[in-house]
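Here the structure is laid out as structure tokens; the discussion comes afterwards.
The values are calculated or read from the model by the stated rules, or taken from the named source; none is laboratory data. Worth saying up front: this structure is predicted, and the values here are computed from it rather than measured. When we count neighbours, we look across all protein chains shown, and the Cβ atoms used for this are built from the backbone with ideal geometry, even at glycine. All accessible areas refer to the heavy atoms of the entire protein, side chains included, with ligands and DNA or RNA removed. Shrake-Rupley method; radii C 1.70, N 1.55, O 1.52, S 1.80 Å.
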Amino acid sequence: MDSVEVNYSIQSHTEAKQGVHTYAAQWPISSLAWSMRRDKSPRLAIGSYLEDYTNKVELVHFNNDTFNFTTDPRLVFDHPYAPTNIMFFPSEDDTNPDLIATSGDNLRLWEIHEDHIQLKSPLIGNKVSDHSAITSFDWAVFDTRLIATSSVDTTCTIWDIEREVMKAQLVAHDKEVYDISWGGFNVFASVSGDGSVRVFDLRDKEKSTIIYENPVQDSPLLRLEWNKSDPRFMATVGLDSNKVVILDIRLPTTPFMELSKHRTCVNAMSWSPDFGRHLCSVGDDARAFIWDVMDSRFPSRNGCEVEPVMWYGSPAEINQVRWSPMQVDWIALAFFNNLQLLKV
């Protein structure tokens, strides 16, 4: 067997004692994801942000006992352009295929083996435009055959990855679609450069419901996270906004709560996977805030400013966050070339 070089992260004892653990990649990180498989040690994927055509995706293992990171150079693969999103197959069942999906110029599925990662299928096809970058996607937990993608060409596309075909494509917005999120069986939502949050039901593809519009005129909404544990709620954030808007789909058009403690723009947010009452947001102010959106002591809709229940300051602007779906007391952040895990 060929020898394999394994890289370990280095971190100070002080940092480790504080429940903060850092892995330094060889390039700036643009995207990250947690694996859900129970037959593996905690595992993440990180994607690079390089101005070259060739970018990278790397798998990183984290040891809960030693707090060390390990990587295998055989489990790094080249990716066309910087990946706009990464997700592992959304299932705990180790009998399912070990797959990872990425988006960029197209949606791609990759198969993970013990000693290599290979491209399984590039999912290409668009009824509207030949040139349509995929801005993001969401892999359905309720039906793992389905992936929903958002695109700069104003469309949302539903892919059947088992058959490797397009199941549906909707002209969803008047401008670029920047993010997409499943809310349950047949139902998903998207946000766009037109400043709206729209909800779609695949049982009636001709209709959509606008549940929120950005009050800042001509300002896009960039991020959307539907709360998978409590689908009454979703979170969105606008371009250059320091405010996370929490929506209750039962009360459309009016925000349920506005989280505005960030001093500069919010870049990403992630719901807690257990009870769905907590949300973590990160921004250019180098802060990660954890909010309790069910805390009735801080009803921002009644004029009071909501306070975070926890916060963390990083050395630099934080561009990405993902709450672990399995190890629910761990949150992953990305800034510059650093992947940082926080125990909460």
| task | Could you work out the local net charge near residue 120, counting Lys and Arg as +1, Asp and Glu as -1, over the other residues with Cβ closer than 11 Å to its Cβ? | result | -2
| task | Just round it to a whole percent: the fraction of Cα-Cα distances in segment 218-344 exceeding 18 Å. | result | 49
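I'm checking a number: the convex hull volume of the Cα atoms of segment 100-255, normalised per residue, in Å³. What is it?
Values: hull volume 20.0 nm³, N = 156.
Residue-normalised Cα hull volume stands at 128 Å³.
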| query | Per residue, how much accessible area does the chain show when a 1.4 Å probe rolls over the protein heavy atoms, in square angstrom? | reply | 46
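Which whole-number percent is the relative contact order of the chain (Cα, under 8 Å, 6+ apart)? Please list the in-between numbers first.
Working: 934 pairs, mean separation 40.7, N = 344.
About 12 percent, as a whole number.
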| request: Sort 205, 40 from largest to smallest accessible area, using a 1.4 Å probe on the heavy atoms of the protein chains. | output: 205, 40
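Taking K and R as +1 and D and E as -1, what net charge do the other residues with C-beta under 15 Å from the C-beta of residue 96 add up to?
Details: positive: 37, 38, 40, 43, 120, 145; negative: 39, 92, 93, 94, 98, 111, 143, 162.
Net charge around residue 96: -2.
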| D for segment 16-96, whole µm²/s, Stokes-Einstein with Kirkwood Rh over alpha-carbon pairs at 10 °C and 1.306 mPa s: what number? | 116
| field | Accessible area of the chain belonging to carbon and sulfur atoms, whole % at 1.4 Å probe | value | 48
| remark: For segment 181-225, the convex hull over Cα atoms projects on average to an area in nm² of 3.2
| Rounded to a whole number of µm²/s, how large is the Stokes-Einstein D of segment 14-172 at 20 °C and 1.002 mPa s, given Rh as the Kirkwood radius over C-alpha pairs? | 129
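Only helical DSSP H runs with n ≥ 4 go in: add -39500 (n - 2.57) per run for the chain, normalise by residue count and round the 222 nm mean residue ellipticity to 500 deg cm²/dmol. Let's see the in-between values first.
Values: 1 runs with 5 residues, N = 344.
Estimated from H runs of four or more residues: -500 deg cm²/dmol.
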| query | So what J values fall out for segment 105-121 if you push phi through Karplus, 6.51 cos²θ - 1.76 cosθ + 1.60 with θ = phi - 60°, rounded to Hz, Gly and Pro as x? | reply | 6, 8, 8, 10, 10, 10, 9, 9, 10, 4, 10, 6, 10, 10, 5, 8, 6
| Based on the alpha carbon coordinates of segment 152-206, what radius of gyration and maximum Cα-Cα distance (Dmax) apply, in Å? | 11.1, 34
| task | Would you mind getting the Kirkwood hydrodynamic radius of the chain from its Cα pairs, rounded to one decimal in Å? | result | 20.4
| said: Taking just the alpha-carbon atoms of segment 196-254, what radius of gyration and Dmax come out, in angstrom? | reply: 11.9, 36
| task | Just grab the label-to-label distance for residue 230 and residue 328, each label 7 Å out from Cα along the Cβ direction, in nm (one decimal). | result | 1.2
| Listed peptides 88-98, 70-80, 236-246, 187-197 by packing density, highest first (mean Cβ within 10 Å) | 187-197, 236-246, 70-80, 88-98
| task | Arrange the residues 251, 333 by how much accessible surface each exposes, largest first, with a 1.4 angstrom probe. | result | 251, 333
